[in-house]
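Student: Quick one: the structure is below, and I'll ask about it shortly.
The values are calculated or read from the model by the stated rules, or taken from the named source; none is laboratory data. Given the structure is predicted, the values throughout are model-derived calculations rather than measurements. Cβ sites come from the backbone with ideal geometry, for glycine too, and all protein chains shown count toward neighbours. Surface areas here come from the heavy atoms of the whole protein model, side chains and all, with no ligands, DNA or RNA. Shrake-Rupley method; radii C 1.70, N 1.55, O 1.52, S 1.80 Å.
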Amino acid sequence: MVTMVGTESSIEKLVTNLIYLEHDAIAAYESTIERLDDKALSTQIAAFRQDHLQHLEVLHEMARELGIDAPTEGDMKQMLTTGKIALADLMGDAAILKAMKTNEDDTVTAYEKASQHQEAVPKSKAFLQKALADEQRHRAWMDTTAQQLS
């Protein structure tokens with residue numbers, strides 16, 4: 001599924017939607033950690049989850065600076081991100097990681113677009129670019145690891 005996050009016209013809406021995205025990602029990571037059979041994989045996924053928690057902290061700070069209320073949970077997309085993981089669980093760890101890679105595809109796209117937002121100040125752009133690099137690293141690991149397990 002192609003995400004529209006990152007295309008918002010206002011920085012306030014962008015930050016709000018990135019917060020939703022991070023809540024959805026964290027839920028998917030938690031579902032993945034619970035379902036993976038290989039505990040070494042779960043440990044790596046838990047480390048990636050920490051990156052998302054850190055992104056969420058920064059986004060909450062941005063929301064405060066912008067004077068907007070930050071969402072406290074994910075949106076309807078969370079059912080899709082966690083549902084993919086539940087279905088993939090039927091086929092094992094490689095399938096779970098492939099499903100997570102598709103979730104990361106959306107997150108990478110969102111941060112690619114967000115890092116170019118015209119209203120983002122230099123401090124915000126620096127964070128968005130760091131988050132993008134984190135997401136690209138997560139996606140690459142999931143892709144490579146899933147292929148090795150297949």
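Student: Would you mind putting 97-103, 59-65 in packing order, based on average other-beta-carbon counts within 10 Å, highest first?
Tutor: 97-103, 59-65
Student: Expected output is a single nm value to one decimal: the length gained when fully extending between residue 7 and residue 60, i.e. 0.36 nm times separation in residues minus the C-alpha distance. What is it?
Tutor: Net length gain for the segment: 17.1 nm.
Student: If ligands, DNA and RNA are left out, what is the accessible area of residue 119 with a 1.4 Å probe, given in Å² to the nearest 10?
Tutor: The accessible area comes out at roughly 90 Å².
Student: Considering only protein heavy atoms, with the full assembly of protein chains and a 1.4 angstrom probe, order 5, 108 by accessible area, largest first.
Tutor: 5, 108
Student: Stretched out fully, how many nm does the piece from residue 91 to residue 140 gain, at 0.36 nm a residue minus the Cα gap?
Tutor: Gain on extension, residue 91 to residue 140, equals 15.6 nm.
Student: Please list 134, 37, 105 from largest to smallest accessible area, probe radius 1.4 Å, with all protein chains kept in place.
Tutor: Per-residue accessible area, sorted high to low, gives 37, 105, 134.
Student: Ok, one more. Wrap a convex hull around the Cα atoms of the chain, take a quarter of its surface area, and give that in square nanometres.
Tutor: 8.0 nm²
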